[in-house]
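Derivation of every value follows stated rules applied to the coordinates shown; laboratory data play no part. In this text the structure is predicted, and so the values were computed from the model without any measurement. All Cβ positions, even for glycine, are placed from backbone atoms using ideal geometry, and neighbour counts span all protein chains on display.
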Amino acid sequence: MRKLLNQFFVWLCIFFFSSVAYASNNPLPVKFGDPYVLLASDGRYYMYGTGAGAVDGFCAYSSPDLVNWKAEGQVFRGNIPGSWGVANFWAPEVYELNGKFYMLYSADWKVNPTNEQENFRIGVAVADKPTGPFRELSSEPLFDPGYPVIDGNLVVDEKGRMFLYYSRCCYKHPVESEIAAQAKKEGKFDSIEESWIYGIEVKPDLTGVIGEPVLLLRPPVKLNDKQSEWESRSVTSGEVNRRWTEGPFTFRKGDTYYMMYSANFFGGKNYAVGYATSKNPLGPFTKAANNPVLEKNVEKGGIVTGTGHNSITWSKDGKQMYCVYHGRTQATGDERVVFIDKMGVDKNGRLYVDGPTTTPKKGIQKEYKKIAQQRDIKCSKNKIL
């Protein structure tokens, strides 16, 4: 009995101190925007994102516990002979399907006869391992809706059908609204461009789409809309003449689809996360009354701004959800870095995020800069495909 009690005490200490270590780990020393974490079948976590020294592609990190991360180098490179993408490689997400690893990503399409400044499309790359090398599945984007698109995200419904969610870019997409009219009246901006989230079914082998895109989420039209204040801060503050609804991440819990999304300027302090729910993968989606669920905390005495473009991962036993997102601190400045915080859905179906949190220990900012610099060098020089 005494031996069993001692073992129980040891495991309790391990659990407690690992929880404390995790809680005190933000921000991670990883300079990713748009971070995505995959819990693979090998029991390890793999993180992908925008930046971190990658050349025309993406780097990856791996971890056994979401705390200790190892740089795996560059795992995908585009802009090579035969590539459809030539620049601005953004927002990778990796899915393990039928023994393969499929990467969704955004990039500027080389087919650009009118020389558009934003010519983004979404493509697919495939690998045998989560650390790559990933190779393009096709020499063409997944589909061409006729306008620039970014931030691809996949979900599978109860019938096994696969759906793609993406964001139409703000570029050349001016939209009339009461918010736009007010901004013009106040002399801030003559017009407001918007990004909208769409959904569409995709083929099981990820070689194309089925049917036509369906509009799922957009910024509020009315000033008295309860979502209008937080989703319009980039405009009302005079920051930029755009309103974003982007970075969708969708999961199913019971019979409900939860779509998390980011609003406001991705490069500014007001970037924040909300969510919407639906009983069907292609909507209609209803935005939640408790939005935003993740936002800057500087007005509350914190040091974090620009929280957004999140993904979700789970503990290895599947019981705890974690929100993975990028943000900025006073020490990181304009540099986006990764945060991981606990999140969940309560008994009433309300989604919540316990963040943003930061490490309180002394000297963390100096240590962050040191480790971040080391890991960036390792990621960019380890292997360039």
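Annotations for the structure displayed:
- Residue pairs, from the table 316/347; 110/342; 296/319; 184/269; 129/287, whose Cα atoms sit over 32 Å apart: 110/342; 129/287
- Restricting the trypsin sites (Lys or Arg not before Pro) of region 220-273 to loop positions (DSSP other than H, G, I, E, B) with no more than 13 neighbouring Cβ atoms within 10 Å leaves 222, 226.
- Neighbourhood charge, 14 Å Cβ-Cβ cut-off, centred on residue 276 and excluding it, Lys, Arg +1 and Asp, Glu -1: +4
- Dipole of the chain, positive direction: furthest Cα of 28, 81, 275, with charges on the beta-carbon: 28
- Largest GNM mean-square fluctuation across 25, 241, 290, computed for the chain with C-alpha springs under 10 Å, falls on 290.
- Residue of 203, 300, 172 that the Gaussian network model of the chain assigns the largest fluctuation, springs spanning Cα pairs under 10 Å: 300
- Comparing 195, 278, 237 in a Gaussian network model of the chain (Cα springs below 10 Å), the most mobile by mean-square fluctuation is 237.
- Once the C-beta distance of residue 42 and residue 237 is scaled by a Förster radius of 56 Å, the resulting FRET efficiency is 0.80 to the nearest 0.05.
- Among the listed options (1) 19.9; (2) 24.0; (3) 21.4, the one matching mean projected area of the Cα convex hull in nm² as calculated from these coordinates is (3).
- Given charges at Cβ of Lys, Arg, Asp, Glu: the chain dipole, positive-most of 71, 221, 327: 71
- Relative contact order %, the chain, counting alpha carbon pairs below 8 Å whose residues are six or more apart: 16 percent
- Among the GluC sites (Glu not before Pro) in region 153-206, those located in a DSSP loop and surrounded by at most 12 other Cβ atoms within 10 Å of their own Cβ are 158, 176, 186.
- From its DSSP helices (H runs of at least four residues, each -39,500 (n - 2.57)), the chain gives a residue-normalised ellipticity at 222 nm of -4500 deg cm²/dmol.
- Mean projected area of the convex hull spanned by the Cα atoms of region 162-301, taken over all viewing directions: 9.8 nm².
- Region 60-136 - Kirkwood radius from inverse mean 1/r over Cα pairs (Å): 13.6 Å
- Applying 1/(1 + (r/R0)^6) with r as the Cβ-Cβ distance of residue 223 and residue 286 and R0 = 22 angstrom yields a FRET efficiency of 0.70.
- Span-rule helices in the chain, defined as complete DSSP H runs reaching 27 Å or more along the axis (Cα) with Kyte mean at least 0.0: 2-23
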